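First the structure, in the form of structure tokens, and then the observations on it.
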Amino acid sequence: MKTFKLHLIRHGLTEANLKGIYAGSGTDLPLAEEGVRQLEQLRASFTYPSVPLVLVSPLKRARQTADILFPGVRQIGIEDLREIDLGAFEGKTAAELQNDEAYLAWMDPARRQTPPGGESGDAFARRAGEVLQKLCEFLIRSGTPEAAVVTHGGLIMTALAIHGIPKADPQRWACDPGCGFTVQTTAASLMRDASVEAMAIVPAGYEDCCVEPEE
């Protein structure tokens, strides 16, 4: 049975990552210089897949990452690959928000709050799960055997917690900048339960880059 692969990769470091600043889809930051150097070192030292196509978040940090890791490869921007929108919390640190009642409510998982002006956790999970399924459907319809996907850590974690095999909590799908997971599916498994099977860590040879899911 024919299989189709997606290589899900988290973008490189930004200044927000380095400084502990909340940066979702409402903050369109470029890569930090350190992030660029780290990606270049990863590409020089380890093996990324050879793909005909990169499906990429529209945010600068993802597009720059795709340019570095897959130079010259055709890119298609996918709006739904963007990170969660953190609304009023965008551009702020936890220290700056420590006395904000809305922030404290959002940090309490039992209250299931949405950042003011932002995207709810439920809406983000629905979007993340749906976009992964749609990308798999695109590969099957177009006859594309594999493609890279350069997106955001939160989206990878959320989408794989929904569709990934083996089943695992989102934190088990955490990965470092420039790293991710290769997943595969078939038309039959996609129709049956929209599942994708985790096959390997990206880049090949850097096994400590991501946390492998438990069986």
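Details
- Look at the alpha carbon pairs under 8 Å that are at least 6 residues apart: their mean separation over the length of the chain gives a relative contact order of 30 percent.
- Cα shape, segment 1-69, gyration tensor, a/c 1.5 rule: oblate
- Amide H contacts of residue 174 (H built 1.01 Å from N, in plane; Pro and chain starts excluded): 211 sit under 5 Å, all sequence-distant by 5 or more or on other chains.
- Whether segment 37-83 is rounded, prolate or oblate, judged on the alpha carbon gyration tensor where a/c under 1.5 counts as rounded: oblate
- With every protein chain in place, the chain: carbon and sulfur % of accessible area (1.4 Å): 49
- Judged by the ratio a/c of the largest to the smallest principal axis of the C-alpha gyration tensor, segment 122-209 counts as oblate, that ratio being 1.5 or greater while a/b is no larger than b/c.
- The H on the amide N of residue 24, modeled in the peptide plane, is under 5 Å from the matching H of 86, 91, each at least 5 residues off or on a different chain.
- Sparsely packed loop sites in segment 60-161 (the trypsin sites (Lys or Arg not before Pro) outside DSSP H, G, I, E and B with at most 14 other Cβ atoms within 10 Å) comprise 74, 111, 112.
- Rounded accessible area of residue 155 (nearest 10 Å², 1.4 Å probe): 10
- Here the chain is assigned +1 on the Cβ of each Lys and Arg and -1 on the Cβ of each Asp and Glu. Its dipole about the Cα centre then comes out at about 660 debye.
- log₁₀ of I(q)/I(0) at q = 0.15, 0.16 Å⁻¹ - segment 70-141, Debye sum with one point per alpha carbon: -0.65, -0.70
- Computed over the chain, the alpha-carbon pair-distance distribution with 5 angstrom bins reads 1, 7, 15, 19, 20, 17, 11, 6, 3, 1, 0, 0, each value a whole percent.
- Taking amide H atoms as placed 1.01 Å from N in the peptide plane, the amide H of residue 77 lies under 5 Å from those of 56, each 5 or more residues away in sequence or on another chain.
- Build a GNM of the chain with springs between Cα atoms under 10 Å apart, and of 153, 20, 87 the one that fluctuates most is 20.
- Probe 1.4 Å, protein heavy atoms only - accessible area per residue of the chain in square angstrom: 48
- Reported to the nearest whole Å, the Cα centre-to-centre distance from segment 58-105 to segment 117-141 is 16.
The values are calculated or read from the model by the stated rules, or taken from the named source; none is laboratory data. Treat the numbers as computed from the prediction; the structure is a model and nothing was measured. A quick note on method: Cβ atoms are made from the backbone with ideal geometry, for glycine too, and the neighbour counts reach across all protein chains shown. Surface areas here come from the heavy atoms of the whole protein model, side chains and all, with no ligands, DNA or RNA. Shrake-Rupley method; radii C 1.70, N 1.55, O 1.52, S 1.80 Å.
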